[in-house]
Amino acid sequence: MNKKILFNNEWEFAKGSLDGTDGAGLTFEPVDLPHDWLINDTLNLYENSIGWYKKRFTWAKEADRQMLISFDGVYMDSSVYVNKRYIGEWKCGYSSFEHEITDAIVDGENEIVVKVIHQSPNSRWYSGAGIYRNVWLKTRTLNHIVTDGIYAAANRVNDRWEVEVETELSLHEDVQISHTILYKGEIAATVTDKIVAGSFHHRQTLSIDRAHLWSTAEPNLYQFVTQLRCAAEDREVIVVESITQNFGFREIKLDPQLGFYLNGTRMKLNGVCEHHDLGALGAAFYKEALRRRLQILKEMGVNAIRTAHNIPAVELMDLADEMGFLVVSEAFDMWERSKTPYDYARFFEDWAKADVKSWIQRDRNHPSLLMWSIGNEIYDTHADAKGQEITRMLKDEVMKYDPKQNGRVTIGSNYMPWENAQKCADIVKVAGYNYAEKYYHKHHEEHPDWIIYGSETASLVQSRGIYRFPFEKSILADDDEQCSALGNSATSWGAKSVEACIIAEREAPFSLGQFIWSGFDYIGEPTPYHTKNSYLGQIDTATFKKDSYYIYQSAWTDYRTNPMVHIFPYWDFNPGQLIDVRVCSNAPRVELQFNGASVGTLDIDHAHGTQLVGWWKFPYEAGELKAIAYDETGHAIATEIRRSFGDAKKICLLPDKESLMADGTDLIFLEIYMEDSDGNPVENASSRVRVEVTGAGRLLGLDNGDSTDYDPYKGVSRRLFSGKLMVIIGATLEPGKIRVVVSSVGLESQTVEFDSLPVSEETSLEGVSAHTMNQEQPSVMGTVGEIPLRKIEIVSTSGQLFDESRKEMTLQAYLYPADTSYQEVEWRVVNDAGIASNLATVEAFGLEATLTALGDGDFRLRCMSKNGTNKTKLISQLEFKAEGLGTAYKDPYEFISAGLFDYSKGEVGNGNERGVATSRDSETQVGFRDIDFGSYGSDLITIPIFALSSEEYSLQIWEGMPDEEGRVRLADVIYRKPSKWNVYQEETYRLSKRLRGITSICFVLQKKVHIKGFSFQKQNRAFETNLVTECDRIYGDTFTISEASVEGIGNNVSLEFDQMDFTSQGATQLAIYGRSLLDKNTIHIRFANQDGEANQHIEFTQSDGYEERVFELGKIIGIQKVTFIFLPGSHFDFAWFRFERTGIQ
C-alpha cells in the first residue's frame, strides 16, 4: 500500500557560516523536528548562517516502488542530498515540496542531508530558519494518486449538493477509484469507477441531499475518502492508496453592493492577520500551540484569518476547518521588486509558478478556504505596467489549479490611491485595502463591480499593562520603549483608535469585512522602536490578552449568548494622579463604580453609536473599581472588578489543562502570576522566577510578551512583565508525572504536577522525536538573584498647582518593593506626550526632588528606573499645573521635538521617536509657536527626516502659519536621501531671512514623511556679518536708513548692538563694509559690560563706492555691548560689519 509516514525523528543538526560548502568539520547534535535554529539566541535572531541537517536510516529497497521525501516547509533556499548525491532544491520558505529519491536510496544504511541557507535580511519580520514544519517519507507503487491530485468542488442545486471530483492519476494497470463522503462515520455518498492504465485526470460526481452546512458558527465537517484499488481479475482486490481530507458544504457569495454572505446569511468578516511564529517556540510548528491561539481568537469573536504574508502550515487549514474560521490564504509579500536584499524576489521569476501550484493544489479542498491572496503591498503593482502583467499571470496560475473557484483570487494593497495599483485590482476584482478605509466609498462609486474589503486595518500599538495618561493625548513612543495599552498609541498609517477601526467598517455595508493587524504580536517589526517583537497584536507573544482584545470582543460577540465587560487600566498609581478609566462591553449599558459609589453609566449603541467604550477620569486613590454590564431590561449580566494591590507575596500557577498526551507534541501552557498578602493579583509585578520541569515533561519556552526583554526564550529564568509569565511545557514519549517547581527570591516556591497520559493504540509515535528542552542560560535583563522594581510612587505633599506664591515644591519617591535590587532613579520634567518640557526644572537628590515652575501650563514630573538594565524600564509620573508665571518660550537652539507642534492642518499622525508623520496624499501643515530666537536669531535649520522612499520630497518652511496674516515663506527646498527604514537622516537648510525675537515656524509637505523635529544653529552675532540696519538701537542727529544700509551718518550718531559674545578666544580684527565721502572718517567703538567700558577707534579713509576694509583691534573677549559712535563732522554710509576671531585669517 502507498504510505506517507512522519519522518521527524533521529535528525542531527549543525550550524555553519555562509561560506561553508558542506557540513564537514561541524559538530552535529540531535535535534527535534520541527526546528528553528534562530530562536535560541534572542540577541541574534537574524544571524547569517547555514543550517545542516542529516539523518541516517536503514531501508530495504523494493522493485517498482517509488520513494519521496516531502517537506511541509523549510526556511529558506534549501538543497537535499541523499548518500552525497544532489537531489534537488527549493527556494521558497513557506510552500510545501517533495523530491523523489528512489534512485539515490540503497539497500541498508542511507543518509539524507538538507542544507538550509539563511542570509539576512530576507524578510520584514522574523522568519526563523530551518526545517520548521513536518517532514514525511512517502512510498508508493507505480499506481498512485499524484500528490495533492484530488480536486473537489461542491455546488448547491436547490436542496441538493453536487460534488464534482477530479483526480490526477498515474496508473500502470487497471484500477478502481472510489470517493466516499462520510458524516460522523456514516456514509453520505459514494461513487466507484473502474479505470484503465495511463496518466490522466479522472472526473466523477457525487450527490447529497440536505447536507449539514459548514459555517463559522457551526463548522459541520465531512470526511472525503478517496481510495485506489487494484482491479485485476486474477488477484484479490486490495487498497493501493487511501487519502482522507476534510470536506464541507458551504455557499459563499461576495457581493459588490451588499458584502459577504455565508449560506445565505449576510455577515461581516471579523478577521485578523497572522504571521507564523509561535512566540517562545519560534517558527517551529506545534499544532497544539496554534490550536490554542485560534481558540483565543475565537473567544474574541474572530471568524476569519489572513495568513500574512505567506502560505500557511497545512495544519492551520485543518484547524480552521474544524474550528470555524474562514481563511484568506496569502502567498507572497514581494514579487520581482524586493523589500529586503535577500528576500524571495531573488527567486520569484523562476519559482513563482511552482510555488503557486504547490499552494493551490494542497489547500483547494478546505471548506475554510475563502480567498487566494496573490500578494501583499506589492510595489510592482504601483511601479509600472509590469505589475499588471504579473497580476494576470498569477491569477491565471491560481485558476489553472482551482478553476471552479473554491477560493476567489484577491490582492492586498496599500497603493490603492494610485492608478497602476487600481488597474491590478481591476484584474482580480476582489480588492483588499491596507489602511485605506477613507477610499472605500469613493472607489465603491467609481468601481461598482469591485468587491472591497479591509485586507489590513487597525495597526494600533500597545504593550500589555503599560498605560500613558492622559487618554486624549496620542502617544506613540516613550523612554521605556513601550506603547500605551490605554488605546492612545496610534501609528502614522493605521487607525486612530480601535473604535474608529470598528466604526469605519460598520459604516461600509458593501465591504466584506476587515482583517485587523494583527491578532497576536509576532517577533520582528517592532514599530515604533528597534526592539525585539511587534506591539501591533491584540494578544502578546506569550498569548496574554491586551485591553484592545476586549474592545474588539465587545463589538464582535453577542451579549445574549456571551456577555462580557472589561475595565482598564489596573488600579495602582500615584496618590492624586489623574487616571483615565475605560470600560468596554458587548451589552447595551455599562456602569462604573468606585468603592461602591457609582461614577457613571454609558448607553452603548453598537449598531449606530460613535462612543463604544465608557470613559471616566478621576484622581487615583486606593480602592476597588467595579464595572457592570446591563441588558436592555436593566439586569446585570456581567461584572469585572480591579482592586489596588501591594507587593508580591505569593507565586500563583494557572495551567490551561491538567494533563497532556505522551505523544512528543502535546503542550501545556502554565501562566505564572503573583498575589499580594490579601490575595489580589499584582498586575505590575516584575519578579524574576526560575522554572524547573522534571519527570515526563520538558520545558520548551518562557515568554512574558515584553519586546524589550532579551532574556532567552530557551532559558530557565525570566522576569514577569506586567504581572505575568508564560511557561510552555512539552510532552515526551513516556507517560507519567510531570513536576514543575517555580521559585523567586524572597517567596515560597510553588509546585504543580501534571499527568502525561499514554496515547491510544491507534496513535502512532513513529517518526516523532522529543528530546530538546530549555537549558540554563545567562540573563540579559538584570541578574539571576535580583529583586526587580515593580513601582515608583511619587508623593507631593504640597499639591500639584504652582502660582506666583508657590514656584517650588519638594517631592518624594518610594520604591516597591522597598528592598529592590535597584535603588537608583532619574527625574525629568515632560509634557503630556513625554517630551522634555521647558515649563519647569527638577533638581534631584536621590529619591527626593525639587521641582521649580518657570512658565504657565501643564507638565508632568517623571521618576524613572533602569531596573538593572542600561535603558529606562519603569516610568512613574504625576501631573502639575502652573498659573500666573507668564510664558515659557521654546529654545530653537536646543532640539525641538516635532511632537511639540501646536498648530496643524491636514492629517498629522504620530511619527517615530516622538516625531510627526504627514499625510500620504494631501497637504499637511505642522506649526510651532512661541519660539524665542533672541535678538540676533538664526537662518540655519537642521531637520531629521525619515522618508518612506528615496524619491524627492518638497518642503516649504514658513515664518508664521501659511493661512495667517503676516506669514512669510522662508524656503522651498527638497529632501532627498537614500531611504533607511525607520531611520531619521538630517538635512540642513538656509532660510531666506534670519528669524529673530519671538516668532513661529511652519512646515508644509505634500507627501508622507516622518519629521523628528528641528533645531537652529546658534549663530554668534559677534562673528557673523551684521547688517547695521538690524542694530538694536540707533540715535543721533543725522542719518537715513535705507533697505541695505544706514547712509548719511553725521553728527553724534550711535549704533548699538547688544549681546555680542566674543568668547574666551576673542577678536582682534574688524571688517567694515562702507563708504566714506570724506578723506577720513573716524569711527569710535565702545565695548561695554558689567566690568566697565573700553574704547577703540579706527580710521576709514575716502572711497568712491562701498568697500570692505579690515582693521586691527586690541583683543576683545567676553560678552559685550558694542556701540559704533560717529562724532560731529562725520559723513559715512555704513552697510555691515564683522568681527574676526583671534587667529582666523
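Nothing in this text is a laboratory measurement; each read-out follows from the coordinates by a stated rule. Since the model is a prediction, treat every value here as computed from it, not as a measurement. Glycine also receives a Cβ, built like all others from the backbone with ideal geometry; neighbour counts cover every protein chain displayed.
Per residue, the convex hull around the alpha carbon atoms of the chain comes to 216 Å³.
Run the dipole for region 1022-1140 about the Cα centre, Lys and Arg Cβ at +1, Asp and Glu Cβ at -1, nothing else charged, and hand back the magnitude in debye, nearest 20. Spell out each step's value before the answer.
Details: 8 positive and 19 negative charges, 49 e Å.
Here region 1022-1140 has a charge dipole of around 240 debye.
Computing FRET efficiency as 1/(1 + (r/R0)^6) for Asp396 and Ser70, where r is the C-beta to C-beta distance and R0 is 30 Å, gives about 0.65. Hull volume per residue, based on the alpha-carbon atoms of region 3-141 and their convex hull, is 103 Å³. Couplings for region 96-104, taken from phi via the Karplus curve 6.51 cos²θ - 1.76 cosθ + 1.60 with θ = phi - 60°, read 7, 7, 9, 10, 7, 10, 3, 6, 8 Hz in order; Gly and Pro are left as x.
Suppose R0 equals 41 Å; then what is the FRET efficiency for Ser1064 and Thr21 from their Cβ-Cβ distance, rounded to the nearest 0.05? Show your work: numbers first, answer last.
Details: r = 64 Å, r/R0 = 1.57.
My answer for the efficiency is 0.05.
Of the GluC sites (Glu not before Pro) found in region 941-996, those in coil by DSSP whose Cβ has at most 13 other Cβ atoms within 10 Å are Glu951, Glu952, Glu964, Glu965. P(r) tail, region 700-783: Cα-Cα pairs separated by more than 23 Å, 35% of all pairs.
Using Cα-Cα distances under 8 Å and only pairs 6 or more residues apart, what relative contact order does region 144-247 have, in percent? Please report the intermediate quantities before stating the final value.
Details: 224 pairs, mean separation 28.3, N = 104.
It comes to 27 percent, rounded to a whole number.
List nothing, just return the count: lysine pairs in region 896-1019, 8 or more apart or interchain, with Cα separation under 20 Å. Summing the qualifying lysine pairs gives 10. Here, region 676-821 is characterised by an Rg to Rh ratio of 1.19, where Rg is the alpha-carbon radius of gyration and Rh the Kirkwood radius. Can you tell me the 0 to 90 degree angle between the C-alpha axis of helix 314-323 and the longest principal axis of the chain, rounded to 10? Tilt relative to the chain: about 80 degrees.
Working out 0.36 nm times the residue gap between Arg266 and Ser178, then minus their Cα-Cα distance, what length gain in nm do you get to one decimal? Don't jump to the answer; show the numbers that get you there.
Numbers: separation 88, 0.36 × 88 = 31.68 nm, distance 3.64 nm.
Going from the current span to full extension adds 28.0 nm.
Work out the P(r) tail for region 366-430: percent of alpha carbon pairs separated by more than 13 Å, whole number. It would help to have the intermediate numbers written out before the result.
Working: 1212 of 2080 pairs.
Roughly 58 percent, rounded to a whole number.
Each listed q (0.14 Å⁻¹) maps to a log10 I(q)/I(0) for region 896-1019 from the Debye sum over equal C-alpha point scatterers, namely -0.54. Of the GluC sites (Glu not before Pro) found in region 170-271, the ones in coil according to DSSP and having at most 16 other Cβ atoms within 10 Å of their Cβ are Glu173, Glu233, Glu236, Glu251. 3J(HN,Hα) along region 1116-1131: 10, 10, x, 8, 9, 8, 9, 10, 8, 10, 10, 7, x, x, 6, 8 Hz, from the Karplus curve 6.51 cos²θ - 1.76 cosθ + 1.60 with θ = phi - 60°, whole Hz, x for Gly and Pro. Helical content of the chain, expressed as a calculated mean residue ellipticity at 222 nm, amounts to -2500 deg cm²/dmol (DSSP H runs of 4 or more residues, -39,500 (n - 2.57) each, divided by residue number, nearest 500). In units of the compact-protein estimate 2.2 N^0.38 Å, region 574-641 shows a Cα radius of gyration of 1.14.
Taking one quarter of the surface of the C-alpha convex hull of region 799-878 gives a mean projected area of 5.5 nm².
So which trypsin sites (Lys or Arg not before Pro) in region 217-302 pass both tests, a DSSP loop state and at most 14 other Cβ atoms within 10 Å of the Cβ?
Numbers: sites: Arg229, Arg235, Arg250, Lys253, Arg266, Lys268, Lys287, Arg291, Arg292, Arg293, Lys298; in loops: Arg235, Arg250, Lys268.
Filter output for region 217-302: Arg235.
Kindly flag which residue pairs out of Lys298/Lys429; Lys339/Lys386; Lys353/Lys386; Lys298/Lys546 have an alpha-carbon separation exceeding 19 Å in this structure.
On the way: Lys298/Lys429 29 Å; Lys339/Lys386 17 Å; Lys353/Lys386 17 Å; Lys298/Lys546 15 Å.
Beyond 19 Å: Lys298/Lys429.
In this structure, the amide hydrogen of Ser979, modeled 1.01 Å from its nitrogen in the peptide plane, lies closer than 5 angstrom to those of Ser950, counting only residues at least 5 positions away or on a different chain.
Under 17 Å of direct C-alpha separation, and excluding same-chain neighbours fewer than eight residues apart, Lys626 reaches these lysines: Lys617.
The length gained on full extension between Asp972 and Asn1095, counted as 0.36 nm times the residue separation minus their Cα-Cα distance, comes to 39.8 nm. Cα-based radius of gyration for region 848-896, normalised by 2.2 N^0.38 Å, reads 1.48. Of all aspartates and glutamates in the structure, those lying under 14 Å Cα to Cα from Lys115, and not within fewer than 8 positions of it along the same chain, are Glu12, Asp19, Asp22, Asp36, Asp77, Glu89.
Expressed in Å, the radius of gyration and Dmax of the Cα atoms of region 755-856 are 26.1, 84.
Using θ = phi - 60° in the Karplus curve 6.51 cos²θ - 1.76 cosθ + 1.60, the 3J(HN,Hα) couplings for region 432-437 round to x, 10, 9, 6, 9, 4 Hz; x is entered for Gly and Pro. Label-to-label distance, Leu43 versus Arg56, with points set 7 angstrom from Cα along the beta-carbon direction: 3.6 nm. For region 321-438, the spread of Cα positions along the three principal axes, ordered from largest to smallest, is 39, 37, 24 Å.
Normalised by the empirical 2.2 N^0.38 Å for globular proteins, what value does the Cα Rg of region 104-258 take? Walk me through the numbers on the way to the answer.
Working: Rg = 20.8 Å, N = 155, 2.2 N^0.38 = 15.0 Å.
Against the empirical 2.2 N^0.38 Å value, I get 1.39 for region 104-258.
Candidate cross-link partners of Lys3 among the lysines, defined by an alpha-carbon separation under 23 Å and a same-chain spacing of 8 or more, comprise Lys54, Lys55, Lys61, Lys138, Lys194, Lys287, Lys357.
How far apart, in nm, are the 7 Å Cα→Cβ label points at Gln295 and Leu1077? Computed distance between label sites Gln295 and Leu1077 equals 9.9 nm. With both labels modelled 7 Å from their Cα along Cα-to-Cβ, the Lys84 to Arg203 distance reads 5.2 nm. For the chain, the longest principal axis of the alpha carbon atoms and the long axis of helix 419-428 meet at an angle near 10°.
Dipole orientation for region 988-1145: of the candidates His1097, Ser1015, Gly1048, Ser1015 has the Cα lying most toward the positive pole (charges on Cβ; Lys, Arg +1; Asp, Glu -1).
Kindly state, as a whole number, the per residue volume in cubic angstrom of the convex hull around the alpha carbon atoms of region 1025-1145.
Numbers: hull volume 11.6 nm³, N = 121.
Here the figure is 96 Å³ per residue.
Computed FRET efficiency, Cβ-Cβ of Asp803 and Ser904, R0 22 Å: what is it to the nearest 0.05? Could the numbers behind the result be given before it?
On the way: r = 31 Å, r/R0 = 1.39.
So the FRET efficiency works out to roughly 0.10.
One chain, two ends: Ile998 and Glu389. Fully extended at 0.36 nm per residue, the span grows by 213.5 nm beyond their Cα-Cα distance. Size check on region 610-657: the Cα extents along the three principal axes, sorted descending, read 41, 37, 21 Å.
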